[in-house]
1. Looking at region 191-207, which of its residues are of a type in the set (Gly, Ala, Ser) and under 15 Å from Val80 (Cβ atoms)?
2. Report the residue count in region 418-439 for those that are over 17 Å from Ser220 (Cα atoms) and touching a Pro at 6+ places or on another chain (Cβ under 9 Å).
3. What residue, of Pro75, Pro124, is surrounded by fewer than 24 Cβ atoms within 10 Å (Cβ to Cβ), modelled with pLDDT of 95 or more and in a loop (DSSP other than H, G, I, E, B)?
4. Looking only at region 284-301, which residues are in contact (Cβ under 8 Å) with a residue 60 or more places away in the chain, assigned to a helix (DSSP H, G or I) and crowded, with 18+ Cβ neighbours inside 10 Å?
5. Just one of Ala374, Ala456 is outside any strand (DSSP E or B), at pLDDT below 95 and more than 15 Å from the ligand (Cβ to nearest atom); which is it?
6. Name every residue in region 100-121 that is out of contact with any Leu (no Cβ under 6 Å at 6 or more places or on another chain) and either of a type in the set (A, V, I, L, M) or in a helix (DSSP H, G or I) (or both), in order of residue number.
7. Yes or no: Gly437 under 20 Å from Tyr287 (Cβ atoms), under 18 Å from the mean Cα position of the chain (by Cα) and at pLDDT 95 or above?
Amino acid sequence: HLDRIAEAEPQVHAFLHVSGELARQQAEQVDRARAAGEQPASSLAGVPLGLKDIVVQQGVPATAGSKMLEGWIPPYNATVTDRLRAAGIVILGKTNLDEFAMGSSTENSAYGPTHNPWDLDRIPGGSGGGSAAALAAFEAPLTIGTDTGGSIRQPAAVTGTVGAKPTYGGVSRYGVISLASSLDQVGPCARTVLDAAMLHEVIGGHDPRDSTSIPQPVPSVVDAVRRGQRDGVAGMRIGVVRQLSGDGYQAGVLSSFRRAVDTLAAAGAEIVEVDCPHFEYGLAAYYLILPSECSSNLARYDAMRYGLRVDTSAIGEPMETAEQVMSATRGAGFGAETKRRIMLGTYALSAGYYDAYYGSALKVRTLIRRDFDAAFDAADVLISPASPVTAFALGEKADDPMAMYLNDLATIPGSLAGIPAMSVPSGLAQDTGLPVGLQIMAPALGEEKMYRVAAAFE
Ligand code: GLN
């Protein structure tokens, strides 16, 4: 895999840091244990993985795709990183992302975009475009993503790979650089559903160091995949969400989606149509809640504690007060999209506007959760396209934030409700010839149903 990385990286740029020496040592450790006749640490022992550069690994640079953290070397491991290592998984390096995981194309990375291996002039999705492209380019068989509004599922969809967002609280956020704490979730990315399930079981489960972690064992998703492979989906009720497959969706995506529905029906599933009337306000609510939480979380980059500190005295500007240092550093260290969201969030949270904006958005969030509750009374799982469009051209939407936000149409409702959701490849779009992802959503802690249905697409 290190050889493949060396070969593919000049075109793909999926990695921000490759830990060649460290990865070799970790692999040799697995080999030695095997030679000594020891039981492998897990069934994934020795398998290489790319870690999204927003999850920290001790001694390895972490940037979150931002200049703000340039040069910062975390002194500790995230719980996810500890669990990967305890399972004998070899960490190849850190994968590229939109700055602090904000974006849908990886073009907001301060270190340059990642290219989609299916067509190098196209985006690999975002924010976890590096993790998805590394899989599609065969640079790694497993990667870790984080999903706040779709950053695992949308990149999986546009690169023809598998990505799962667990139930909120299903995987520890300890050591994951925060974007929006009520939404952030770590999850597995892979080329097959079974691989994703195996990785899911390694990283999931309760962690006392994350107060929002669910105090329950990780769901048995590997068994669920095997059950899906053995028994299929016969008798399951699969709901098609009316609001997630009409206006704003590309024709080739919709026809692939309809074929997926037919496949499930032919396999014996009962297809029901469900209505989720508040989903149309999802995007608006998300783009108030996320900036609000992000403006608060990103306040920690104060030029004192981590990474960058800009010295403006070199260019003749005063550098006498903490505020001057902070404002010069934040001005230079954050990219345009990050600044846009910090400003939006600060505005939405300010006295006098809080109830009108943030308060209303929270009410919409509750209504969306209720839509899901009703839909899950009628269906075991819900399906939709994971991304409204196939991979678009690099640069095409870079200057149009609204066009970029619309890529999250299908993924955001599940994020706001905290439910598990994943994307599996459902074939190529007839109009563009590019991969389409099918989104499968399940009730909170319903990962087993979700993976069982996903197995139908292998
Ligand atoms: N595209 C979404 C956004 O820009 C998703 C981000 C994410 O899931 N980290 O906010």
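The values are calculated or read from the model by the stated rules, or taken from the named source; none is laboratory data. As the structure is a computational prediction, the values presented were derived from the model and not from experiment. Counting neighbours? That spans all protein chains shown, and the Cβs are built from the backbone with ideal geometry, glycine included.
1. In the first step, residues of region 191-207 are kept if they are of a type in the set (Gly, Ala, Ser); the result is 196-197, 204-205.
Within region 191-207, Ala196, Gly204, Gly205 meet the criteria.
2. Residues meeting the conditions: 11.
3. Pro75
4. Residues of region 284-301 that are in contact (Cβ under 8 Å) with a residue 60 or more places away in the chain, as a first pass: 284-290, 292-294, 297-298, 301.
Going one step further and asking which of them are assigned to a helix (DSSP H, G or I), we end up with 284-290, 292-294, 297-298.
If the condition is that a residue be in contact (Cβ under 8 Å) with a residue 60 or more places away in the chain, assigned to a helix (DSSP H, G or I) and crowded, with 18+ Cβ neighbours inside 10 Å, then Ala285, Tyr286, Tyr287, Leu288, Ile289, Leu290, Ser292, Glu293, Cys294, Asn297, Leu298 are the ones that fit.
5. The unique qualifying residue is Ala456.
6. Matches in region 100-121: Met102, Ala110, Leu120.
7. So Gly437 fails the test.
Residue-by-condition table, conditions (1) within 16 Å of the ligand (Cβ to nearest atom); (2) closer than 25 Å to Asp184 by Cβ:
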{"position": "Tyr347", "(1), (2)": "no, yes"}
{"position": "Ala351", "(1), (2)": "no, no"}
{"position": "Ile419", "(1), (2)": "yes, yes"}
{"position": "Ala429", "(1), (2)": "no, no"}
